[in-house]
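Everything on this sheet refers to the single structure shown next.
The values are calculated or read from the model by the stated rules, or taken from the named source; none is laboratory data. Everything quoted here is computed from the prediction, not taken from an experiment. Positions of Cβ are backbone-derived with ideal geometry, glycine not excepted, and every protein chain shown enters the neighbour counts.
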Amino acid sequence: MSAILVTGADLAQQALDLLQDFDIVYAGKTPTEDDLVALCQQHDPVAIIVRYGKVGAAVMDAAPSLKVISKHGSGTDTIDKVAAKARGVEVVAAAGANAAAVAEQALALLLACAKSVVQLNARMHAGHWDKATHKSVELGGRTMGLVGLGAIGLRFARMADALGLRVIGFDPFAKDLPACVQSVDLATIWRESDAISLHCPLTDENRGMLNAATLAQCKRGVIVVNTARGGLIDEAALLAAVQSGQVMAAGLDSFAVEPMVANHPFHGEPRFILSPHIGGVTGDAYVNMGVGAAKNLLEVLARAPAALAAAS
């Protein structure tokens, strides 16, 4: 029976049902490269489902029967796609499987920033009543700038539109956009947005795209939301922009280094609303991503009869 390696500790039962003809091997919640190499050498999987950790050339070389690497989610930046292509290994992702979950997290962070939800909650629990002194931001009529208009970005766009926001977006690959989204260039995103939300994959070209220079081009008091990848933001520049008031508040679900290190500069900063990269972590998304990852790898393996023959 052929093996499938899961770089995690579990997989939804609905996904396991689809993969019942394979031997499922779990790497645990925090697998290192050495862990994955050892498991590949031991089990020689035909497929890897990527949940946690990174899959690079060393892992692929340890699994000579490997045909496909399937992402449990949409972001494939933890997979060395150049190495995979060179080895004839297909990389697939469960695009859209967690779109609703991540878009809702982005909306939650946006509203938390605009309405000072976290700060007012802390004040209330401490016995304060700030009605006479506090004013929040009203989002209706303001401009929401989106970078990335895939399944998550477009879902969030519809939410923003429902709130009465003008929605502008940048995505060189997006086509047939809904009427609620105006396509613009990045310079317009920085210049016109009252709030900016990032929904694009991380690439070498866009790493650190939100930095001191681009933040300086933004309106003073802009809100920044990131539920995509931490590497899209120069964290030191964002910290300085929040401290100076150029950025009113930042709602972040992803970070340059994860898990976030102890004594991170964002810790203790009241205008940073933080969550531990859990935008896509809901019960429904867990099932959707697992099933999507399973279906994707089975589709690839169906084009590789030898792999399926070994599994049967």
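To keep it simple, each residue is scored yes or no on (1) under 18 Å from Ala294 (Cβ atoms); (2) assigned to a loop (DSSP other than H, G, I, E, B).
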position: Pro64; (1), (2): no, yes
position: Gly73; (1), (2): yes, yes
position: Val82; (1), (2): no, no
position: Val102; (1), (2): no, no
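When Ile196, Ile273 are checked against the criterion of being more than 16 Å from Leu146 (Cβ to Cβ), aliphatic (A, V, I, L, M), at pLDDT 95 or above and more than 12 Å from the chain's Cα centre (by Cα), a single residue qualifies: Ile273. Of the residues making up the stretch 1-20, just one is in contact (Cβ under 8 Å) with a residue 60 or more places away in the chain and surrounded by fewer than 13 Cβ atoms within 10 Å (Cβ to Cβ), namely Met1. Would a scan of the stretch 82-101 turn up a residue that is under 28 Å from Ala304 (Cβ atoms), among the acidic types (Asp, Glu) and free of Cβ contacts under 8 Å to residues at least 40 places away in the same chain? No, the conditions are met nowhere in the stretch 82-101. Given the criteria crowded, with 16+ Cβ neighbours inside 10 Å, modelled with pLDDT of 95 or more and not assigned by TED's automatic domain parsing to the domain that holds Gly251, does Val91 qualify? So Val91 fits the description; yes.
Cβ-Cβ distance below 7 Å, separation of 6 or more or different chains: which pairs start in the stretch 286-304 with a residue that is closer than 18 Å to Ala3 by Cβ and end on one that is at pLDDT below 95 and among the aliphatic types (A, V, I, L, M)? So the pair list comes out as Ala293/Ala94; Asn296/Ala94; Leu301/Ala307; Leu301/Leu308; Ala302/Leu308.
Taking the numbered list (1) over 23 Å from Asp284 (Cβ atoms); (2) crowded, with 21+ Cβ neighbours inside 10 Å in turn, Ala174 passes all entries but (2). Given the conditions (1) surrounded by fewer than 20 Cβ atoms within 10 Å (Cβ to Cβ); (2) at pLDDT 95 or above; (3) under 20 Å from Lys54 (Cβ atoms), and given that Gln243 satisfies all but one, which numbered condition is not satisfied? For Gln243, the failing item is (3).
Return the residue satisfying two criteria in turn: it lies in the stretch 221-230 and is within 11 Å of the chain's Cα centre (by Cα) and either closer than 18 Å to Val261 by Cβ or hydrophobic (A, V, I, L, M, F, W, C) (or both), and of such residues it is surrounded by the most Cβ atoms within 10 Å (Cβ to Cβ). Of everything passing the filter in the stretch 221-230, Ala228 is surrounded by the most Cβ atoms within 10 Å (Cβ to Cβ).
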